[in-house]
Structure formats: C-alpha cells, structure tokens
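Please treat every number below as a calculation from the coordinates, not as lab data. A quick note: this is a predicted structure, and the numbers were derived from the prediction, not measured. Every residue, glycine among them, receives a Cβ derived from its backbone with ideal geometry; neighbour counts consider all protein chains shown.
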Amino acid sequence: MAYAISEQNLERQKLLARIMGPVTDQLLESLPLPSLSRCLDVGCGMGETTRQLAGKLDNVVELIGVDQDSSLIEVARSVPGPDGKITFQQGDAAHLSFEDQTFDFVFARYLLHHLDHPQVVLAEMLRVCKSGGIVAVQEPDCAKQYCYPESWAYEKIPNIYGRLFANAFIGRQLYSLFRRLGCPLPHIDVMTIAGVNVELRRSYRMVMEAIGPALMEKGILDSKELEDLCEELRRVEEQDDVLCVWSPTFSVWVNRT
Ligand SMILES: C[S@@+](CC[C@H](N)C(=O)[O-])C[C@H]1O[C@@H](n2cnc3c(N)ncnc32)[C@H](O)[C@@H]1O
C-alpha cells in the first residue's frame, strides 16, 4: 500500500511535530543512550523529528534523516540545523543503504502504521543498529480518539483510518513485533495527549484533508461524505471549550543485543 497522505500542506507535519514534541522528549529523556552517538531517523519527513533529536541529544556526533519522499528531503535540507551534524538522504526504510551496526540510536516516529510490512522496516532498523545500541519507535493506535462535547466525525475516524492506513492499530502490536524479531525485553510506554488546545482538533481536520484524495480513490468516502466530515471537523475546531483526546501513542524501545 502506498503512503496515503498528501504532503502538499507542510503545516500538517509541523503541527504533528508540535503536538508530538513533548511525547518524543519524554522518550528521549528516558533512554540510556551511549555517549558520542551516531543516530538515524527513519521516515524523517521534513526533518522535524531529526532536528528535535539533535536538540535533545547533546552527545550526538552524526545524525542522518532518511525519507522516501525527495521533496520532503529537499525541505528538510533547506532548514538550518545545528552545526553541520545533520544530513538528510532520500531512501526506502525497507532497504536502508547503511552497513550493519552503523548507528548507536535508530528512531522512527509515525512511520510504521503506514507500512504493509512494518516488521521488514523494524528488522532493517535493528540491522543498522550497533550491538548495545537502541532502536526506538513511536506509533499511534488509532482505535479511539474522541472529543467532548461529542462529534459524530470522531466516531468515524477509527473505521476510516483502519481502512486507509496499512496498520492503523499498530501501537498495541509493537511489543510482539519486536519479540518476533528476537528482541528479549522491549520497553513500552503509552501516552495519551488530551486538552482544549485547538491544535489537537485542527490536526484531525488537516489529516482528513491530506488523506481525502486517497479516501476517494479507494472508495472509502465519496466527495460529499468527505466534505461533510471536513466541515464537521472544522466546526469542532472552531468551537470553544472542546476537550480533545488524541489516539494513544505507543513508545517502544529495545537494546540491540
Ligand atoms: C507521518 S510522517 C512522520 C514524519 C516524522 N517522522 C514525524 O514524526 O514528524 C511519515 C513519513 O514517513 C515517510 N515514509 C513512508 N513510507 C516510507 C518508506 N518506505 N521509507 C521511508 N520513508 C517513508 C513519509 O514520506 C513521511 O514523510
């Protein structure tokens, strides 16, 4: 299944980065990373995660971001990063162009739920990680998200994401995926973001707009249904005092044996 999000509106990735920033910071602060580390960010998009890693890991000596979308890699390269430690490369996460055991830390955020064969990418991430290094992923489980006062649009989202994304409910599966790849003790943390911050609600509308063409192409929604859904999401976004509870994020990491 091809990546289903149209990345024309770069504001969507920036919004995701702002919302997810604290969740990623919390994971990074909990990791026992080796000093003087070489790091890889897989599915880096426009480099928001890569720059966050650079800012947070002060012992990093080299940080490479890889994404399959060359236009996002160009955007990533155009934003100045800290003192030449970061480089970006176009590439496929399922066939990373690095030697075995190259990196101390290999990270991916919000990548695997888009993939038909996430275990192939996890195996690649483990392959390029040094023995004793860390592989960490952060993925959603899109089964439940809601707002109050309630909205019919939020109730439809699990079904829509479940039909469109290759693995919309991957969060709960990550532990088993790592175990099947021979990792002895995956660490798991699950975090739910909730608040009245309008950006949480806006993110649902922006995702729906970005996946709209794919939803219509696959016959999941027709144009009228899509229009109604986006209108309802916009109504919720513009209303005051609406609590939005985002789909939980699973952070799972392992020490590479
Ligand atoms: C939702 S974005 C996440 C971007 C970034 N990691 C973040 O959290 O802000 C998913 C990214 O994965 C990339 N992607 C999807 N399939 C890929 C693949 N097979 N190899 C490399 N990148 C891929 C997309 O191009 C997109 O930039």
What distance in nm lies between label points placed 7 Å from Cα along the C-beta direction at ARG163 and MET191? 3.3
In a Gaussian network model over the chain where Cα atoms closer than 10 Å are linked, find which of VAL121, VAL137, VAL42 has the largest mean-square fluctuation. VAL121
Name the lysines eligible as straight-distance cross-link partners of LYS144: C-alpha to C-alpha under 16 Å, and not fewer than 8 places from it in the same chain. LYS156
Give me the distance between the Cα centres of segment 46-93 and segment 121-193, rounded to whole Å. 22
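For segment 16-104, which GluC sites (Glu not before Pro) are in a loop by DSSP, counting at most 11 other Cβ atoms within 10 Å? Don't skip to the answer; put the middle values down first.
Working: sites: GLU29, GLU48, GLU62, GLU74, GLU99; in loops: GLU99.
In loop regions of segment 16-104 (DSSP not H, G, I, E or B), the sparsely surrounded GluC sites (Glu not before Pro) are GLU99.
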In the chain, if every C-alpha pair distance is counted and binned at 5 Å from zero, what percent goes to each bin? 1, 6, 13, 17, 19, 17, 12, 8, 4, 2, 0
List the aspartates and glutamates whose Cα lies under 12 Å from the Cα of LYS14, skipping any in the same chain that are fewer than 8 positions away. GLU48, GLU199
Among LEU53, MET125, ALA143 - extreme Cα towards positive end, dipole of segment 11-255, charges at beta-carbon: MET125
